[in-house]
Structure formats: structure tokens, C-alpha cells
Amino acid sequence: MEKDITISKALFWGWESFKKHWQILVGMTLFVFAISAIVGFIAGDGASGVEGGAGSFLLNIFVHTFIGIGLITIGLEVYAEKTPVFKDFFVKMEHFLNYLIGMLLYSIIVIIGFFLVFFPGVIWALKYQFFGYLIVEKGMSPMDALRQSGKMTYGKKWFLLLFWIVLFFFNILGAIVIGIGLFVTIPVSLLATVYIYKKLSKDATTNQEL
């Protein structure tokens, strides 16, 4: 792993990048909150019975795919030192089907892992977490993206687990500030994750070339 990949550097880069693009990032977060609230209301309203539950599940999967692609696209734009605009949220929706399939596969893998005495679920969640980034950025198929994510995260699970824990408490801190802090901590967390992804992606490419 690259020696310069640290959680503190990821968060610092995320914070500095947030300050440069805070308007679009706060607006994007508000947009995501609004969509989630609307979908939550619709899903809750029709969640009775097996059919209602299945419908709510499918609706949530579709919406999370839409949101995931948009967030990753904006994050990658910032990393590339571009100035994202709102319409960029939608420019990678051509990958919707592959992302949807990838998320279903990822969810199944993680759920199976949790049934296997919990710990394997955590390991597999860490291992395959970057599948969406690889689909959006590189246009990979779902299976190729999952495999490549596994290669990228090989030997780095403890580092990534610690990163997840830090982000969890970071966003708890944001939520404590009357929830308003989440409009800062969520974008910074996204950008920090993009930073980690790009560094690990570069590291994996370098190792393949050696």
C-alpha cells in the first residue's frame, strides 16, 4: 500500500476539497436527503404485506443505485480537480443496470457473510466495497468490479475497518450539531472515501505492472 495513504490525509483532503466546492456538495447532500425522505415516506406507506415489503425493497434498491452513482460521479469530479455542477450527478446513469446488479451481488455476499457468524460479512463488506466506484469510473462489469475491489483491498482490511469506524464517529459528531453538521461531514466522508479509493486503485495498478 502506498505509504502516503492515511486516514488523516484522506480526511484533510476531503475537508480542503469541501471548502472549494461546498455549494454544490451541500446542495447535493440536501438533494439526497430530500429523495431519501420521499422514498422513505412512499415505502413506509405501502410496506404492509409481502408484496408491499418486496415493493419497498425494490424501490430502495433502485433509489440507492441512483444516489450511489450520482455521489460517486461528483466525488470523482472533485478528485480530478474539476468543478462539478448539479447536472454531473446524472451523467453516469448509463451504468445504472451494472451498478444495480453489482449492488445486489454485494448485498447477497455480505448477507451470507453475516449469517456465517457475522465476521465474514464485515470482511466481505470491506473487501468488495469499491465495486461501485469501478463500475462508474472504469465501466467495469459487476463481476469484474467485485474482483478488482477484492484485489485493491487485499491486505488492507484493518486499515479500511478503522477508516469506517472513524467515519462513523465523524458523522455522529455531525448529527449531534442539530443535524446541520451532516451537511459537512457527509460530503467530507464521501471525498475522503474517494481519496482512499483512488490511492488504492493506483496501488493495485502499480502492483499489477511489477
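The values are calculated or read from the model by the stated rules, or taken from the named source; none is laboratory data. For clarity, every value in this text was computed on a predicted model and none was experimentally measured. For neighbour counting, all protein chains shown are included, and Cβ atoms are generated from backbone atoms with ideal geometry for every residue, glycine included.
Data for the structure
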{"item": "Whichever residue in segment 177-197 is modelled with pLDDT under 95 and β-branched (Val, Ile, Thr) and, among such residues, is surrounded by the fewest Cβ atoms within 10 Å (Cβ to Cβ)", "result": "ILE178"}
{"item": "Residue in segment 91-102 that is more than 16 Å from the chain's Cα centre (by Cα), surrounded by fewer than 18 Cβ atoms within 10 Å (Cβ to Cβ), closer than 29 Å to ILE24 by Cα and touching a residue at least 12 places away in the same chain (Cβ under 8 Å) present", "result": "yes"}
{"item": "Residue pairs meeting the criteria (Cβ under 7 Å; at least 6 apart or on separate chains; first β-branched (Val, Ile, Thr), in segment 11-24; second surrounded by fewer than 19 Cβ atoms within 10 Å (Cβ to Cβ))", "result": "ILE24/VAL85; ILE24/PHE86"}
{"item": "Qualifying residue in segment 54-65 (condition: at pLDDT 95 or above and buried (at least 16 other Cβ atoms within 10 Å of the Cβ))", "result": "yes"}
{"item": "Residue match in segment 32-49 (condition: farther than 16 Å from VAL194 by Cβ, modelled with pLDDT of 80 or more and either in contact with a strand residue (DSSP E or B) (Cβ under 9 Å, 6 or more places away or on another chain) or buried (at least 16 other Cβ atoms within 10 Å of the Cβ) (or both))", "result": "yes"}
{"item": "Residues of segment 66-90 classified as touching a residue at least 12 places away in the same chain (Cβ under 8 Å), surrounded by 15 or more Cβ atoms within 10 Å (Cβ to Cβ), touching an Asp or Glu at 6+ places or on another chain (Cβ under 9 Å) and not aliphatic (A, V, I, L, M), total", "result": "4"}
{"item": "Residue match in segment 110-122 (condition: within 16 Å of VAL194 (Cβ to Cβ) and among the aromatic types (Phe, Trp, Tyr))", "result": "no"}
{"item": "Single condition PRO120 does not satisfy, out of (1) surrounded by 14 or more Cβ atoms within 10 Å (Cβ to Cβ); (2) farther than 19 Å from LEU146 by Cα", "result": "(2)"}
{"item": "Helices (runs of 4 or more DSSP H) within segment 60-147 that include 2 or more residues farther than 25 Å from ALA43 by Cα and among the small types (Gly, Ala, Ser)", "result": "119-127"}
